[in-house]
1. Are any of the residues in the stretch 92-99 within 16 Å of ligand 2 (Cβ to nearest atom) and closer than 30 Å to Asp202 by Cβ?
2. So which of Val6, Val19 ends up being modelled with pLDDT under 95, in contact with a helix residue (DSSP H, G or I) (Cβ under 6 Å, 6 or more places away or on another chain) and open to solvent by less than 40 Å² (accessible area, probe 1.4 Å)?
3. Quick check: is even one residue across the stretch 88-106 within 13 Å of ligand 1 (Cβ to nearest atom) and in a strand (DSSP E or B)?
4. Looking at the stretch 28-42 only, could you name the residues that are at pLDDT below 95 and touching a strand residue (DSSP E or B) at 6+ places or on another chain (Cβ under 7 Å)?
5. Quick check, is Glu20 within 19 Å of the chain's Cα centre (by Cα) and without any contact (Cβ under 8 Å) to a residue 24 or more places away in the chain?
6. Before we move on, is Met136 more than 16 Å from ligand 2 (Cβ to nearest atom) and closer than 22 Å to Arg119 by Cα?
Amino acid sequence: EEAAKVLAAVRDRGDVEVVEFQAQEVLRAYNLPTPKTILARSSIEAVAAAEKIGYPVVLKIASPQISHKSDVGGVRVNLGDETAVKNAFLDITARTQRLRPDAYIAGCLVQEMAPKGAREVIIGFKRDDQFGPLLMFGLGGIYVEILKDISFRLAPLSVEDARNIIREIKSYMLLKGVRGEPPVNFAAIEGILLSMSRIATDFPEVYEAEFNPVLVNNEKALVADVRLTLK
Ligand code: ADP
Ligand code: MG
């Protein structure tokens, strides 16, 4: 219901990309684990938000026209105090204005940092005209492009599928933990895969979705970025 409203609003504006600060509402409607996030419209609001969330925080540019935030220098992680947050807000918004004068800037998202030692994975789907939504799972970060280590399943996913899609990547042992590292919380990742499969079947108008990254450690997983593309 809520999720459908968000998607309809984006479409009514004529946009096809649903960026993180809009898509988070869709995620919450599906009980997907998202980091605490507050939209700040000024550097003063950003500091207040950081205090509410607790340091350190992440700041991200919030603009409906900017789906690849890092491309404009729009993401700063590990901001430890008031000065860092204030400066980051001013830097990020000024830089975006300069690089993308066309973009409407709502402000910055102030976001909880994922726990130390979290590993990055990517969960996504793309709709195939013939076969329907094809879900993908892979390692995130630099590994995606270099290793091309991804596995696929058609939606809807069974519990069994969710287990297997994770175990099929070649670097599965990195998630199990090497050299005494604890394994990541596999059940949390499986839950996210199943929710994404439901989004894929519930909303035929969502053509593509990407949770990149999902940050996961041995306790929990957080969807730390999301982009949906409408048809
Ligand atoms: P982009 O739009 O460029 O993909 P992201 O929101 O994915 O922006 O942020 C870029 C990178 O910053 C992520 O790939 C991740 O490594 C890091 N990052 C983002 N959010 C968090 C977070 N909440 N905690 C820790 N690291 C994060
Ligand atoms: Mg991302």
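1. No, the stretch 92-99 contains no residue that is within 16 Å of ligand 2 (Cβ to nearest atom) and closer than 30 Å to Asp202 by Cβ.
2. Val6
3. no
4. Residues satisfying the conditions do not exist here.
5. No: the conditions fail for Glu20.
6. no
This table checks each residue for (1) under 27 Å from Phe186 (Cβ atoms); (2) part of a loop (DSSP other than H, G, I, E, B).
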site: Asp15; (1), (2): no, yes
site: Phe21; (1), (2): no, no
site: Val26; (1), (2): yes, no
site: Pro35; (1), (2): yes, yes
site: Glu45; (1), (2): no, no
site: Lys52; (1), (2): no, no
site: Lys60; (1), (2): no, no
site: Pro64; (1), (2): no, yes
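The values are calculated or read from the model by the stated rules, or taken from the named source; none is laboratory data. The model shown is predicted, which means the values in this text are computed figures rather than measured ones. Glycine gets a Cβ as well: all are built from the backbone with ideal geometry, and neighbour counts include every protein chain shown. The area values use the complete protein model at the heavy-atom level, side chains included, leaving out ligands, DNA and RNA. Shrake-Rupley method; radii C 1.70, N 1.55, O 1.52, S 1.80 Å.
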